[in-house]
Each structure stands twice: as C-alpha cells, then as structure tokens.
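Everything below concerns the one structure shown next.
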Amino acid sequence: RYGIRLGLDRIEYIAKKLGNPQNNFRVIHVGGTNGKGSVCRFIESVLRKAGYKVGLYTSPHLLDFRERFLVNGEMIDDDELHHVLKKILSIAEHMNDKPTFFEISTACAFEYFSESDVDFGIIEVGLGGRYDATNVVSPEITVITNVERDHTDILGNDIGKIALEKAGIMKRGVPLITGCDERTLDILKAEARRKGEEIIGIGKWNRIARYSGWQVFEIEGLLSNYILKTRMMGRFQGFNLSLSVMAIDKLQMMGTYIPDSSLEKGIEDAFYPGRMHVVSSDPFILLDGAHNLSAIRSLKESIIEDFDYKKLIVVIGMLRDKEYRRMIEEIGSISDIVIVTKPDNERACDPEELYRYIDGEKRITKNVPDALDMAVDTADKEDLICVTGSLYTVSEAMRHILN
C-alpha cells in the first residue's frame, strides 16, 4: 500500500501512460476539511437528474472498495474494476517510485470514467490539495468547503499553512466556490487574485422545517432563491447545500442546462451512507463519521437539536493523528455513557488513551463490534446510540449491523 506520500510525479506518470483520461470529461473538483463528501453527493445527484452521465469518486469507502467509483449512482462491477486495475498495475510494476494505494485508486477512477464516457466527473480531494493525487485534473469549477485542522501529522497545525495547501487545487481562470471565512478566506482571495480566479462565497441559508427524517432549507443561490428538501440530516447540511447550489448555478451561468426541477429532485434524492445515518430504530442507532473537532461539534449540535432520547450512549474510536482529547471532551460533555474502542486501522488511537479524558460513566472495549454489542445491551428503548470518531469506526459498526 506504500502509505501516504504526497506528490504529483507518480500520478502524472500513470495518467500520461493511460493517455490522460482525466481530460476526457468535465470535472468538478471538491476539496476542504469537512462537508466535501456531502457536496459531491449533492452535485452528482443534481447533474444526474438533469440528464447527464456522471462519475463520482470519493474516499474512503465504508463496506466495499467499489463504492469509490460510481457512474450514475451505480458501483463499478467486479469485471470492470479488474480490467481497469490490471491496466494501472501493469504500469505501476515498472515504476521505481511505486505509487500509493490512493494514487492507484485515483487513476482507476480517471480511467473508468473515461471508458464509461461520462459527461461529468465529481472528484473529491483525498488529503490536503496541492499534492493530492486528484490534483492533476483541469476542472470547470473548484470547491473548497472550509479549512479546519485535520491530518495535522502531515499538514501541520498552522491554519494558514493548511489553507495554502488546500488552495493548491485552485486553477487559473477556474471559478472557486468556498465557505471559508476570516483568515482562511483572505488566503484564498490572495491566491485567487494571483491566479486571476473568480471566488464566490456562499449565500444566506436557513433551515425552515424538520420532520420525520427530512429537512427543508431556504437557500440563496446566484440565480434564484430555492426551497430544497433533503434527507441528509443535521442543520450543518444547509452550509453544504449552499455550496452545492452555488456550484450548480455557476455551471448554469457557464452554459450548462440544469432545470430547477433537477436541482430540487437531485437534492431530495441525494444520500451519503455513514454520515448522520440512522441505521436502526430499535435500538435507535446513529452512525456519523465525524473525524475532526469541527465535525464533532457539528454532530453534537445536531444531536442536541434534532434527536429526542433519554440517555445518549456514544461509541467512539479515533485515529491518533486527530485532536482526540478535545474531540472526546466535546462529545463526552453531552453523553451519559461513553464506550471507547479501536477501529482496525494501523493509525488507530489506543482506547486506553481516550479513556483517560472521559468524565462520567465510561467503558472500554478492544474492537468496534464488541463496543456496539455493549451499547445495544446497555440501551433502553428510549436511548440513542451514536457511533462516531472515524469513518473506519463507522464502517466496522455498519458491517457488524449488516452481519
């Protein structure tokens, strides 16, 4: 797998050998710290409803590696994945500087979307931006959702430097949609001036209704104000919707036909497994892959605002390169019971370390399935179980539930 090694030389070499397949379709490139996966899902769904053939590349996957490669909402099939991987691995085996797992995965997406003759590829940045493997695309629109501290072992702790890394996906003359503010927005504006790039901030948004698994938002776009219904939960989805609407409206202004009905229906149909995802009502189990401090705060706000329960039982496992002390203290402040555990990942934080920072009732297990079983055995009918801390933790919980 060769770990995480940022840089573009390897992916550029593979792409060139393949004939630069990433240039054979129109690209929306989505980066940022939080919300980029949801924004990708919203934009993909809207474009598909407008009649376009759309590829969607996101990471990581929850249950199946093929989830990373969708065309018109369908996973790549095993035969096609084998065909594409064989082409890329035949290139990789002759490289002295071996490509990483993510670089091979990204090349797979480019080649598969090209072979599938998609109209659009919605491409999510993996990590950072400037040296991320996806940053060989030539997008029509770039989105940087926000900039927060994450992957600090690689990107560092300085928010300004992190913003510059994420700004590395900005391209000369390509419009940028962003929800950044204050210092990080100033950094993006400076980059935009340097590159002759239009920068578009989000408009006003407001949640106007919430009922039985749905939310309704009023979103200010570039062309109109929209009333949009979504089953993706949490008030913070208004922020993600605003970014998505701005991108869709900008595409229309650039000549792409997208009727309002496609926007409305696309947002309504969009769904992102493992993010504010209720997987059971008896017991009530919520999965959310919040994996940094900002995301945990959004999860906390959503639990307080949107869920009724007697006791909150949190199952949490995190990676050690996160701000895990502050994260555990944040979610622990509203929890009745916290069960710390360890996802099956070499970067996972020792649950004994997490256990130290919990005030109140706490328990510890060595793996996610045992932690979920403990939570279910503990919960009464009116309690809420929330599994969070990492998408790896959520993935193992979902697999255990399905099994």
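The values are calculated or read from the model by the stated rules, or taken from the named source; none is laboratory data. Note that this is a predicted model, so its numbers are computed, not measured. When we count neighbours, we look across all protein chains shown, and the Cβ atoms used for this are built from the backbone with ideal geometry, even at glycine.
Give the stretch 204-242 a look and list any residue that's outside any helix (DSSP H, G or I) and within 16 Å of the chain's Cα centre (by Cα), or say none. Step through it out loud before you land on a result.
Our first condition is that a residue be outside any helix (DSSP H, G or I); within the stretch 204-242, this holds for 204-236.
Scanning the stretch 204-242 gives MET232, MET233, GLY234, PHE236.
Is there a residue being loosely packed, with under 14 Cβ neighbours inside 10 Å, assigned by TED's automatic domain parsing to the domain that holds MET398, touching a helix residue (DSSP H, G or I) at 6+ places or on another chain (Cβ under 7 Å) and not in a helix (DSSP H, G or I) anywhere in the stretch 305-316?
No, the conditions are met nowhere in the stretch 305-316.
Look through LEU56, LEU62, LEU70, LEU18 and report the one residue that is more than 16 Å from the chain's Cα centre (by Cα), crowded, with 17+ Cβ neighbours inside 10 Å and not small (Gly, Ala, Ser).
Only one candidate qualifies: LEU18.
Kindly check whether there is at least one residue in the stretch 193-201 that is more than 21 Å from VAL136 (Cβ to Cβ), more than 20 Å from the chain's Cα centre (by Cα) and buried (at least 16 other Cβ atoms within 10 Å of the Cβ).
Yes, there is a match, as at least one residue in the stretch 193-201 is more than 21 Å from VAL136 (Cβ to Cβ), more than 20 Å from the chain's Cα centre (by Cα) and buried (at least 16 other Cβ atoms within 10 Å of the Cβ).
Name the residue that is modelled with the lowest pLDDT, counting only residues in the stretch 130-151 that are surrounded by 24 or more Cβ atoms within 10 Å (Cβ to Cβ) and closer than 21 Å to ALA290 by Cβ.
Filtering first and then ranking leaves VAL147.
Just the residues that are closer than 17 Å to ILE28 by Cβ and touching a Phe, Trp or Tyr at 6+ places or on another chain (Cβ under 9 Å), please, taken from the stretch 171-212.
Within the stretch 171-212, GLY179, ILE202 meet the criteria.
Residues in the stretch 331-353: is at least one surrounded by 20 or more Cβ atoms within 10 Å (Cβ to Cβ), more than 28 Å from TYR211 (Cβ to Cβ), basic (Lys, Arg) and touching a His at 6+ places or on another chain (Cβ under 9 Å)?
No: zero hits.
Quick one: count up the residues across the stretch 316-346 that are within 14 Å of VAL387 (Cα to Cα) and among the polar types (S, T, N, Q).
Total satisfying the criteria: 2.
Just name the residue that is farthest from ILE43 (Cα to Cα) out of those in the stretch 110-123 that are among the charged types (D, E, K, R) and surrounded by fewer than 23 Cβ atoms within 10 Å (Cβ to Cβ).
GLU115
Given the criteria at pLDDT below 95, of a type outside the set (Asp, Glu) and under 19 Å from ARG41 (Cα atoms), does GLY126 qualify?
yes
Is there a residue in the stretch 244-266 that is surrounded by fewer than 17 Cβ atoms within 10 Å (Cβ to Cβ), hydrophobic (A, V, I, L, M, F, W, C), closer than 19 Å to ILE123 by Cα and within 21 Å of the chain's Cα centre (by Cα)?
Scanning the stretch 244-266 turns up no residue that is surrounded by fewer than 17 Cβ atoms within 10 Å (Cβ to Cβ), hydrophobic (A, V, I, L, M, F, W, C), closer than 19 Å to ILE123 by Cα and within 21 Å of the chain's Cα centre (by Cα).
Answer with yes or no whether LEU384 is crowded, with 17+ Cβ neighbours inside 10 Å, farther than 11 Å from PRO283 by Cβ and not aromatic (Phe, Trp, Tyr). Give the steps one after another, and end with the answer.
Working: crowded, with 17+ Cβ neighbours inside 10 Å: yes; farther than 11 Å from PRO283 by Cβ: no; not aromatic (Phe, Trp, Tyr): yes.
In short, no.
Can you tell me which residue is surrounded by the most Cβ atoms within 10 Å (Cβ to Cβ) among those in the stretch 387-403 that are over 13 Å from ILE339 (Cβ atoms) and of a type in the set (S, T, N, Q)?
SER390
When the stretch 79-120 is examined, which residues are found to be part of a loop (DSSP other than H, G, I, E, B) and farther than 23 Å from LEU6 by Cα?
Answer for the stretch 79-120, where residues must be part of a loop (DSSP other than H, G, I, E, B) and farther than 23 Å from LEU6 by Cα: SER116, ASP117, VAL118, ASP119.
Go through the residues of the stretch 153-176 one by one and say whether even a single one is surrounded by fewer than 22 Cβ atoms within 10 Å (Cβ to Cβ), within 22 Å of VAL54 (Cβ to Cβ) and of a type outside the set (Phe, Trp, Tyr).
So far as the stretch 153-176 goes, yes, one or more of its residues are surrounded by fewer than 22 Cβ atoms within 10 Å (Cβ to Cβ), within 22 Å of VAL54 (Cβ to Cβ) and of a type outside the set (Phe, Trp, Tyr).
Restricting the search to the stretch 262-304, which residues are assigned to a strand (DSSP E or B) and of a type outside the set (A, V, I, L, M)?
Result: HIS277, SER280, SER281, PHE284.
Please list, ordered by first then second residue, the pairs with beta carbon atoms under 8 Å, 6 or more apart or interchain, first in the stretch 366-378 and assigned by TED's automatic domain parsing to the domain that holds TYR355, second in a helix (DSSP H, G or I) and among the charged types (D, E, K, R).
ASN367/GLU396; VAL368/GLU396; PRO369/GLU396
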